[in-house]
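Student: My questions all concern the structure below.
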Amino acid sequence: MDVNQMNVLLYADEGFELDLRSLVNALNRRTSFVSFGVGTAKYNSGGEAIARPESYDALPQDLLDEAEDSLRTFLFTNTPYGNNYFFQSSGNIVIVSFYGWEYLTRLPLSNGAVYMIVDNLAQTLDSNYRHHPATGCIYDFLADKTGVDISMRLAHMCPDCLSRLSTKKLSEEHQRIFKDIKTLLDDLSQASKWNDDILKILENERSESANVPKKTGYEITPLDFIPESNDEGYIDVSREQIRDLCNYYVDLRQENYEPHEKGELFETFAVAFFGLIKGWIVLEKNANMEDCEIDIIYDITRGPTLLREKLGDNLYVECKNRSKKSDARDISHFAMNLLSRKLKSGIFFSMKGITGYQPENWRNTTAAYKRIIETSRQLDVTILPIVGEDIEYIRNGGNLVEHLMDLVNRFVRI
Ligand SMILES: [Zn+2]
């Protein structure tokens, strides 16, 4: 099991109105270990009362495959449970019913979704304890569902549960999950106690920090286009995704962030950028915030066939947002990482560029770029360089899948 992060996948039932993409973006900005994603498979409860095991047994195979390695996978629905529960679970899959939500609380569904997620994360630390009756603690059983209102407003662990957990020997992974739980509970109570939508609060927090007066040399034109998808629909060009991507990119180029803030922004940006490719699933993510470096390993077996044929089932992506260009030593280090992980291909993504590499004059190989070509030949791996110009190209409507294919083909022609 990977210890660099824990993945949590979210799905919404057909017709269930919750903006999962925004939710995931907001949560990922706040957590450091648990990483949230939106599943690509379709979930359809069919509208009949949810029951265990029947409803779980009926889940489609592609969804189960995607969910397999997740810490938890949440399926949100308006369909009620036959027993009127909020949720039950089977393995790592949790179907959460928001049936009758408007009669339980005036707080929005997004707050409820965060509550249910954190409740289940808390169960991963200690699955043997529940309060009956409700106390407002995250370990409440909530037989009376109206208790969820005060639980979201308080969003806390009671002193008894805190001391119970403190006597447990939590593994390092559990300690890191616990840290994320604390952050999310703080956010949830902060929003809920003032009747606010947690998504709006987290959004505002971000734009306020972006509004700190600063001097910036960049003139950035906002996008007013929607890139076209190709016939196979490989690029997910939903307006929100592209907009998010561009927003992060614009933020990244501002000067007024602390190093770790910049690191977090860059991480979200890098994940969003390659997340434009449908079917690429993050297997592992390791970020060094201070250095603005992220390693991501993708399972690309469900992505575009052409890329998979050229690059293999798993792809290693190293992302750097340093103030200087990457050099030959960085390339050697990258190659060692590829080898030690037994991967046959990788993307070396450096915002500031790679010494000796000019995207418009790629046949001319010198310096670190030369090292890329040589290393790839010697080790029989494919290393694709991506730099700021490539990002601009995609941002201006280029097709990322076709562009990566182009990079692969160039590589063969050098
Ligand atoms: Zn408690």
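The values are calculated or read from the model by the stated rules, or taken from the named source; none is laboratory data. Please read these numbers as outputs of a predicted model, since none were measured by experiment. Quick reminder, even Gly has a Cβ in these numbers, built from the backbone with ideal geometry, and neighbours come from all protein chains shown.
Student: With (1) assigned to a strand (DSSP E or B); (2) farther than 25 Å from residue 289 by Cβ; (3) hydrophobic (A, V, I, L, M, F, W, C) as the list, and residue 386 as the residue in question, which single condition is left unmet?
Tutor: Here residue 386 clears every test but (2).
Student: Output the residue which, of all residues in the stretch 1-35 that are among the hydroxyl-bearing types (Ser, Thr, Tyr) and not in a strand (DSSP E or B), is surrounded by the most Cβ atoms within 10 Å (Cβ to Cβ).
Tutor: Of everything passing the filter in the stretch 1-35, 31 is surrounded by the most Cβ atoms within 10 Å (Cβ to Cβ).
Student: Taking the criterion of being under 28 Å from residue 173 (Cβ atoms) and in a strand (DSSP E or B), would at least one residue in the stretch 61-72 satisfy it?
Tutor: yes
Student: Does the stretch 121-138 contain at least one residue that is at pLDDT 95 or above, out of contact with any strand residue (DSSP E or B) (no Cβ under 8 Å at 6 or more places or on another chain) and among the small types (Gly, Ala, Ser)?
Tutor: Checking the stretch 121-138: at least one residue is at pLDDT 95 or above, out of contact with any strand residue (DSSP E or B) (no Cβ under 8 Å at 6 or more places or on another chain) and among the small types (Gly, Ala, Ser).
Student: Count, please, the residues in the stretch 134-184 that happen to be within 13 Å of the ligand (Cβ to nearest atom), more than 21 Å from residue 85 (Cβ to Cβ) and not hydrophobic (A, V, I, L, M, F, W, C).
Tutor: Going through the stretch 134-184 one residue at a time, the tally reaches 6.
Quick grid of which residues meet (1) under 20 Å from residue 409 (Cβ atoms); (2) assigned to a loop (DSSP other than H, G, I, E, B); (3) modelled with pLDDT of 85 or more:
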| position | (1), (2), (3) |
| --- | --- |
| 268 | no, no, no |
| 283 | no, no, yes |
| 294 | no, no, yes |
| 310 | yes, no, yes |
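Student: Consider residue 76 carefully, then state whether it is away from the ligand (no atom under 16 Å from the Cβ), free of Cβ contacts under 8 Å to residues at least 40 places away in the same chain and not small (Gly, Ala, Ser).
Tutor: Answer is no for this residue.
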